[in-house]
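**Student:** Provided herewith is a single structure, encoded as structure tokens, for subsequent inquiry.
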Amino acid sequence: MSTIPHDHVAGDDHASEHGHDHHPSGIMRYVLTTNHKDIGTMYLLFSLTMFFVGGVFALTIRAELFEPGLQIVHPEFFNSLTTLHGLIMIFGAIMPAAVGFANWQIPMMIGAPDMAFARMNNWSFWLLPPAAIMLIGSFFVPGGAAAGGWTLYPPLSVQAGMGMDLTIFAIHIMGASSIMGSINIITTILNMRAPGMTMMKLPLFVWTWLITAYLLIAVMPVLAGSVTMLLTDRHFGTSFFNAAGGGDPVLFQHVFWFFGHPEVYIMILPAFGIVSEIIPAFARKPLFGYASMVYAVSSIAILSFIVWAHHMFTVGMPAAGLLFFMYATMLIAVPTGVKVFNWLATMWRGSMTFETPMLFAIGFLFLFTMGGFTGLVLALTPIDVQLQDTYYVVAHFHYVLVAGSLFAFFGGAYYWLPKWTGTMYDETLGKWHFWTIMISFNITFFPMHFLGVAGMPRRIPDYAQQFADWNMVASIGAFGFGLSQLIFVWALIKCIRGDGVKAPAKPWEGADTLEWTLPSPAPYHTFETPPVVK
Amino acid sequence: MMSDLSSKAVHGHADARLRSTNVRTAIVLASIAAVFFVGIVVAKLVGDTSTAMSVLGAAVLLFLVLAIGRNLRK
């Protein structure tokens, strides 16, 4: 069971009722804070900032690709933009956003007063801004920013300038932050649940984050180890991946994707969790097949470790390897299909209403399924050999990560903003935001399927005339997508300023997890006395 | 008064126990992360790289199966 009936919750008293809901004020509140809500807010604002930085890079890329020929940026700078766009969106925007949701929600959803290691939580966050500054600052060092793609493949990454060193160092720091955050989340979930909150009563968002945190513990050290080897190849005369010295560049690809594919699930599993909270709330029904959802998420996580080589079908693997990775990849569609079926079954005959969070959840379901389907197409080795490194791949992963993770995160933000700020968001703005990005997203990325099938390679600043029309359409859509995000900022500022209807403790009729037993906004200290879940 | 003191002592004891449980969990997880970090470098340094990498990969997968699996039983 993921839901907790209110009459089954005892002891949901909170600190404000005991008169000690005081907290420090001013800038030092955020520098020194150990409060999970403050840290969650900082993560979310940081990720929004980085989303706009990465978005500006994307818009520069799309402006350059608006028509054939070189018009705005040099090819080298274009390559840096594609590289940094990927790195910033993954490590600076999506992952910190997921951690922000975890910080805000996990303690409140399991009835814990805070995260297990509150000071380490503060440190985990404050490692991120210096890493981001290093990444962005790498544009200004001799040789410019890293330009070999976010995958950092050698030999380009071994030969690149100082910007690559800064990128490697930034990845180390962000990796350390992720590992510390994961340790904190696992420890909190395993040891600090309210009495009576057994594992199979955890809200699904908490379950997905527990599994995500395990994935992070497993793969971030692998990434850190491989970029450390890159660093020693660059500066200390080793030849781990440097073919000139007897190293094996293909081995880097294996190691990188051993991290990289689970990383995709690290970005999408928390989104699954958010959608699994939103859909039952607005369908006014319990989540269909809770246990099967937990098992499906677990299966997806485990399978994600045995499919990495589908990213590198063209490097020259034995036929047995190609077949194994093709079938293993197709196998992931089974648990993913279970999840999609369960979300649909939850909606079936529910008393559904379509407020903004539900719109985003349905948008997620529709577009993520399309992204999953193109993933299946790419899993087929013979087709992948044709589509490798084309815009089809770009379309596929943007359907998974933008329409997947980002849509779910926007849905989650609208869903929990009343709890976080104490003010209902502006429903009209929310709906405008949803429909504008739903339309502009598809205008941007759907044509990329056609471009990819027609053979347009990715990561190029110029292209043949035959690709001009769809590129122009995609660029127009991208600017619409970028501008649409300003509606979210407007809605967010209105909520933060308290410009709107005051939110009740439980604004959503069908929401039934523990955080909705708290007043809105959630008091600074919550569940100092653990609630009892029966 | 006496019951207040004993209640505080019980709470203090429970807090200390929770703290030590938390630290123990964190040390185990941090050690696993450290082993994977060192393991990936050592696997490349040893003579038979593909075997060493396979062992490390299997260890990572085993960790995940055990870590998730033991929670599914509860």
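**Student:** Kindly list the number of the only condition in (1) assigned to a helix (DSSP H, G or I); (2) at pLDDT 95 or above that fails for residue A:115.
**Tutor:** Unmet for residue A:115, out of (1) assigned to a helix (DSSP H, G or I); (2) at pLDDT 95 or above: (1).
**Student:** Looking at segment A:280-294, can you tell me whether even one residue there is within 11 Å of chain B (Cβ to nearest Cβ) and farther than 28 Å from residue A:386 by Cα?
**Tutor:** Yes, that holds for at least one residue.
**Student:** Going by the conditions given, is residue A:202 in contact (Cβ under 8 Å) with a residue 12 or more places away in the chain, more than 7 Å from chain B (Cβ to nearest Cβ) and either closer than 20 Å to residue A:270 by Cα or in contact with a Cys (Cβ under 9 Å, 6 or more places away or on another chain) (or both)?
**Tutor:** Yes: the conditions hold for residue A:202.
**Student:** Also, I was wondering about something else. Considering only segment A:160-192, how many residues are surrounded by fewer than 22 Cβ atoms within 10 Å (Cβ to Cβ) and part of a loop (DSSP other than H, G, I, E, B)?
**Tutor:** Within segment A:160-192, residues that are surrounded by fewer than 22 Cβ atoms within 10 Å (Cβ to Cβ) and part of a loop (DSSP other than H, G, I, E, B) number 1.
**Student:** Sort through A:138, A:157 and tell me the only one that's small (Gly, Ala, Ser), more than 23 Å from the chain's Cα centre (by Cα), over 20 Å from residue A:93 (Cα atoms) and not in a loop (DSSP other than H, G, I, E, B).
**Tutor:** A:157
**Student:** Quick one: in segment A:341-366, of everything that is outside any helix (DSSP H, G or I) and of a type outside the set (Phe, Trp, Tyr), which residue is surrounded by the most Cβ atoms within 10 Å (Cβ to Cβ)?
**Tutor:** Among those that are outside any helix (DSSP H, G or I) and of a type outside the set (Phe, Trp, Tyr), it is A:355.
**Student:** Another question, if that's okay. Taking the stated definitions as given, is residue B:34 closer than 23 Å to residue A:118 by Cα and either within 7 Å of chain A (Cβ to nearest Cβ) or at pLDDT 85 or above (or both)?
**Tutor:** Here the answer is yes, as residue B:34 does meet what is asked.
**Student:** Looking only at segment A:151-172, decide whether some residue is within 12 Å of another protein chain (Cβ to nearest Cβ), in contact with a helix residue (DSSP H, G or I) (Cβ under 8 Å, 6 or more places away or on another chain) and at pLDDT 95 or above.
**Tutor:** yes
**Student:** If we keep just the residues of segment A:203-239 that are at pLDDT below 95 and assigned to a loop (DSSP other than H, G, I, E, B), which is farthest from the chain's Cα centre (by Cα)?
**Tutor:** It comes out as A:237.
**Student:** Please go through segment A:468-506 and pick out each residue that is within 26 Å of the chain's Cα centre (by Cα) and either modelled with pLDDT under 95 or closer than 25 Å to residue A:39 by Cα (or both).
**Tutor:** Listed by number, the residues that qualify are A:485, A:486, A:487, A:488, A:489, A:490, A:491, A:492, A:493, A:494, A:495, A:496.
**Student:** Does segment A:218-241 hold any residues that are of a type in the set (A, V, I, L, M), in contact (Cβ under 8 Å) with a residue 40 or more places away in the chain and within 10 Å of chain B (Cβ to nearest Cβ), and which are they?
**Tutor:** Residues satisfying the conditions are A:218, A:219, A:220, A:223, A:224.
**Student:** Let me ask another. For segment A:270-290, check the following and say yes or no: at least one residue is touching a residue at least 40 places away in the same chain (Cβ under 8 Å), surrounded by fewer than 24 Cβ atoms within 10 Å (Cβ to Cβ) and either within 25 Å of residue A:312 (Cα to Cα) or under 22 Å from the mean Cα position of the chain (by Cα) (or both).
**Tutor:** no
**Student:** Answer yes if at least one residue in segment A:296-309 is aliphatic (A, V, I, L, M) and not in a helix (DSSP H, G or I), and no otherwise.
**Tutor:** Checking segment A:296-309: at least one residue is aliphatic (A, V, I, L, M) and not in a helix (DSSP H, G or I).
**Student:** While we're on this one: If residue A:373 passes every condition in (1) within 23 Å of the chain's Cα centre (by Cα); (2) surrounded by fewer than 21 Cβ atoms within 10 Å (Cβ to Cβ); (3) in contact (Cβ under 8 Å) with a residue 12 or more places away in the chain but one, which one does it miss?
**Tutor:** (3)
**Student:** Could you figure out which of (1) over 22 Å from residue A:409 (Cβ atoms); (2) part of a helix (DSSP H, G or I); (3) in contact (Cβ under 8 Å) with a residue 24 or more places away in the chain; (4) more than 7 Å from every other protein chain (Cβ to nearest Cβ) isn't true of residue A:247?
**Tutor:** (2)
**Student:** Please list, ordered by first then second residue, the pairs with beta carbon atoms under 6 Å, 6 or more apart or interchain, first in segment A:144-157 and without any contact (Cβ under 8 Å) to a residue 60 or more places away in the chain, second of a type outside the set (A, V, I, L, M).
**Tutor:** Close Cβ pairs (under 6 Å, with a partner that is of a type outside the set (A, V, I, L, M)) amount to A:156/A:148.
**Student:** I'm trying to understand the selection: among the residues of segment B:52-71, which are under 22 Å from residue B:26 (Cβ atoms) and facing another protein chain (nearest Cβ under 7 Å)?
**Tutor:** B:60, B:63, B:64, B:65, B:67, B:68, B:71
**Student:** Checking the condition closer than 21 Å to residue A:522 by Cα and modelled with pLDDT of 95 or more, which residue from A:44, A:48 passes?
**Tutor:** A:44
**Student:** Do the conditions hold for residue A:469, that is, is it closer than 30 Å to residue A:75 by Cα, among the acidic types (Asp, Glu) and surrounded by fewer than 17 Cβ atoms within 10 Å (Cβ to Cβ)?
**Tutor:** In short, yes.
The values are calculated or read from the model by the stated rules, or taken from the named source; none is laboratory data. What you see is a predicted model, and the numbers here were worked out from it, not measured in a lab. As a convention, Cβ positions derive from the backbone with ideal geometry for all residues, glycine included, and neighbour counts pool all protein chains shown.
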